[in-house]
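FYI, it's all coordinate maths here, none of it is from the lab. Predicted model, so just to flag it, every value in this text is computed and none were measured. Here the Cβ is made from the backbone with ideal geometry for all residues, glycine too, and neighbour counts use every protein chain on show.
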Amino acid sequence: RTCDQLRCTACDFRVSLFNDYIWDQSCDYLFFRNNMPEFGKLRAKMIKKKGARAYACQCSWRSIDELTDLQTDQQLRWVCGKH
């Protein structure tokens, strides 16, 4: 189960998710800071991978290709915006 309204409490930005993509290893903080949330610009560092999902806000990003509990990742400050 996934929340489709994740929000980052660090940068106060909505977390975008992209099905069937992962992030290229060359991604860095400035890339997301300058390009979120424009898919056309983000696409430059996305790799197609069936069944995976790429998540990002302006300060953090993750590529997920198996069931993962994002709440256990201490570096992420993402919370579900649904109440």
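Observations, loosely collected:
- Dividing the C-alpha radius of gyration of the chain by 2.2 N^0.38 Å, with N its residue count, gives 1.01.
- Value of Rg to Rh for region 16-64, rounded to two decimals, is 0.91; Kirkwood radius and Rg both from alpha-carbon coordinates.
- Length-normalised contact order of the chain in % [C-alpha pairs under 8 Å, at least 6 apart]: 41
- Local electrostatic count at Y21 - Lys and Arg +1, Asp and Glu -1, tallied over other residues with Cβ under 9 Å: +3
- For V15, residues with placed amide H under 5 Å, excluding near neighbours: L6, R7, C8
- When +1 charges are put on Lys and Arg Cβ atoms and -1 charges on Asp and Glu Cβ atoms, the dipole computed for the chain relative to its Cα centre reaches about 220 debye.
- The gain in end-to-end length when the R14 to K50 segment is fully stretched comes to 10.6 nm, 0.36 nm per residue minus the alpha carbon separation.
- Of the trypsin sites (Lys or Arg not before Pro) in region 1-62, the ones in a loop by DSSP (not H, G, I, E or B) with at most 11 other beta carbons within 10 Å are R1.
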